[in-house]
1. Considering only DSSP beta bridges with both partners in the chain, what is the antiparallel share in %, to the nearest 5?
2. Could you grab the relative contact order for the chain? Cα pairs under 8 Å, six or more apart, rounded to a whole percent.
3. Can you list the residues, at least 5 places off or on another chain, whose amide H is less than 5 Å from the amide H of L42, using H built in the peptide plane?
4. Summing +1 for each Lys or Arg and -1 for each Asp or Glu, what net charge is found among the other residues whose Cβ lies under 14 Å from the Cβ of L116?
5. Would you mind putting 174-187, 140-153, 90-103 in packing order, based on average other-beta-carbon counts within 10 Å, highest first?
6. Can you compute the helix-only [θ] at 222 nm over the chain? Use -39500 (n - 2.57) per DSSP H run of at least 4 residues, normalise by all residues, nearest 500 deg cm²/dmol.
7. Based on the Cβ-Cβ distance from E172 to A128, what FRET efficiency comes out when R0 is 25 Å, to the nearest 0.05?
8. Long-range amide H contacts for V77: which residues qualify at under 5 Å (H placed 1.01 Å from N, peptide plane, sequence gap of 5 or more or a different chain)?
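The values are calculated or read from the model by the stated rules, or taken from the named source; none is laboratory data. Not measured: the values here are computed from a predicted model. Counting neighbours? That spans all protein chains shown, and the Cβs are built from the backbone with ideal geometry, glycine included. In case anyone asks, the SASA skips ligands and DNA or RNA and just uses the protein heavy atoms, side chains included. Shrake-Rupley method; radii C 1.70, N 1.55, O 1.52, S 1.80 Å.
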Amino acid sequence: MATVLLTGFEPFGGDARNPSGEAVADVARAWDRAERLVTAVLPVAYDAAGDALRGLIAEHSPDVVIATGLAGGRTQVTPERVAINLRDARIADNDGAQPVDEPSVAGGPAAYFATLPVKAIARAIAEAGIPAAVSHTAGTFVCNHAMYVALDAAAERPGTTAGFVHVPWSDETAPEGAPSLPAAEIARALGVAVRTALDVDRDDAHSAGTIH
């Protein structure tokens with residue numbers, strides 16, 4: 001039986017809530033498939049998040065790893081295509097660290113591509129009536145670090161796929177005027193992402209490129 005590790009994040013930057021962590025809990029409550037679903041909420045701290053992810057992967061030996069996080073300001077659910085080996089923090093993380101121009105993994109490759117079927121995931125979410133698109137940048141904060149670490153750990157485990165999905169604010173957590181989606185739709189999108197990652201062996205071949 002396949003095992004999926006699905007993670008979200010705790011609040012950060014002075015926010016009281018993080019829709020990614022809340023959505024992951026909602027997916028767990030609604031999970032009704034035979035595959036084993038393991039969920040966790042990660043700290044928004046570079047070192048602690050990376051250590052927690054590596055520990056969860058070592059403990060549960062997942063076949064699929066999907067980390068998720070908040071991208072405030074985005075209007076769509078966005079599976080990420082690339083993680084770069086860079087920690088460059090505009091704000092301090094929740095442990096007070098604010099690294100500049102540091103690698104996520106010393107000596108690691110400059111970047112990893114997601115091994116999840118990101119185009120198929122974006123298409124499936126959109127076909128479910130939820131705005132979605134492939135993203136080509138996960139930033140340089142803890143979300144990108146988590147994606148990079150997950151892919152670095154998965155690279156040592158043949159057959160394990162990994163990646164990251166950014167979500168917008170939920171209607172219930174968004175600051176005034178910020179774009180958002182209903183919390184139930186965000187959770188439904190993540191459920192679609194997990195099911196697609198389990199069921200799709202080969203990613204879509206259509207373009208998901210951008211001009212800028």
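1. For the chain, the DSSP antiparallel bridge percentage is about 20.
2. The normalised contact order for the chain reaches 28 percent.
3. When sequence neighbours closer than 5 places are left aside, the close amide H contacts are G8, F9, E10.
4. Spelling it out: positives minus negatives among the neighbours equals -1.
5. Averaged packing, sorted descending, gives the order 140-153, 174-187, 90-103.
6. -10000 deg cm²/dmol
7. Efficiency, rounded to the nearest 0.05: 0.80.
8. A132, A133
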